[in-house]
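The values are calculated or read from the model by the stated rules, or taken from the named source; none is laboratory data. Just so it is clear, the model here is predicted, and its values are computed rather than measured. FYI the Cβ positions are ideal-geometry reconstructions off the backbone, even for glycines, and counts take in every protein chain you see. In case anyone asks, the SASA skips ligands and DNA or RNA and just uses the protein heavy atoms, side chains included. Shrake-Rupley method; radii C 1.70, N 1.55, O 1.52, S 1.80 Å.
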Amino acid sequence: MGYSGSDTGPTHAQSTELRQLYNTCASNEQALEICSRYLSPELAKATLVPSILKKIQLHENGSKLFDTGSVKLELQNIENPEYRFQVQRTDNLITIGMDAVWKIMHFGNDANSMRSPVGNDSSQLSAGAIITIEIDSAGGPPTINHTILDVVATVNNVISFDQETGAQLG
């Protein structure tokens, strides 16, 4: 693993992060090398984003909407989602979770009458994959499995009402 942009080597934070990843990979250099290849926003983009972009349609009002079949979603920053990674180990099995996440700006059945999610909870669309790396206890090469997850959309509408007057708050 290399660190770009620094002639003096990795920072303390980067060294700590690498040590944590090495420990999570059971101090197995082969597993660390494989795991580090999957912790890449470029790989996540190449793997997860195309399936979403295939379902993006340009509508007559000029907006680009993700079409679920029954509900249409307007996503923020369609070409550049947020990427999230999670690595964990249980015994000889290392699991890498990789997600691309888009914030849902508007949703609705009709592209011409979309609503915005209400409340402070995040509404989002995510595409994910799980990569498992099984370390061979006999010293052989690790076994790798890939699972692409379904796309998940969550719209959180939280509407608060005043208990005394029944008026909608904020």
**Fill in**
When the range 119-133 is checked residue by residue, the ones that are among the polar types (S, T, N, Q) and not in a strand (DSSP E or B) are Asn120, Ser122, Ser123
**Residue match in the range 53-61 (condition: at pLDDT 85 or above, of a type in the set (S, T, N, Q) and either part of a strand (DSSP E or B) or exposed (fewer than 12 other Cβ atoms within 10 Å of the Cβ) (or both))** = no
**Asked** Looking at the range 25-45, which of its residues are more than 22 Å from the chain's Cα centre (by Cα) and either open to solvent by 60 Å² or more (accessible area, probe 1.4 Å) or without any contact (Cβ under 8 Å) to a residue 12 or more places away in the chain (or both)?
**Response** Ser27, Glu29, Gln30
**Asked** If a residue has to be assigned to a strand (DSSP E or B) and open to solvent by 50 Å² or more (accessible area, probe 1.4 Å) to count, how many in the range 97-118 make the cut?
**Response** 5
**Asked** Before we move on, is Ile78 part of a loop (DSSP other than H, G, I, E, B), closer than 16 Å to Leu48 by Cβ, of a type in the set (A, V, I, L, M) and open to solvent by less than 80 Å² (accessible area, probe 1.4 Å)?
**Response** yes
**Prompt:** What pairs can you find where one residue is in the range 116-136 and under 23 Å from Thr47 (Cβ atoms), the other is of a type in the set (Ser, Thr, Tyr) and open to solvent by 50 Å² or more (accessible area, probe 1.4 Å), and their Cβ atoms are less than 7 Å apart, with a gap of 6+ or different chains?
**Reply:** Gln124/Thr154; Ala127/Ser51; Ala129/Thr47; Ala129/Thr147; Ile130/Thr147; Glu134/Thr143
**Request:** Please indicate, with yes or no, whether at least one residue in the range 136-148 is in contact with a Phe, Trp or Tyr (Cβ under 8 Å, 6 or more places away or on another chain) and either open to solvent by less than 30 Å² (accessible area, probe 1.4 Å) or not in a strand (DSSP E or B) (or both).
**Result:** no
**Message:** Tell me the residue from Val118, Val101 that is farther than 14 Å from Ile34 by Cα and touching a Pro at 6+ places or on another chain (Cβ under 9 Å), please.
**Reply:** Val101
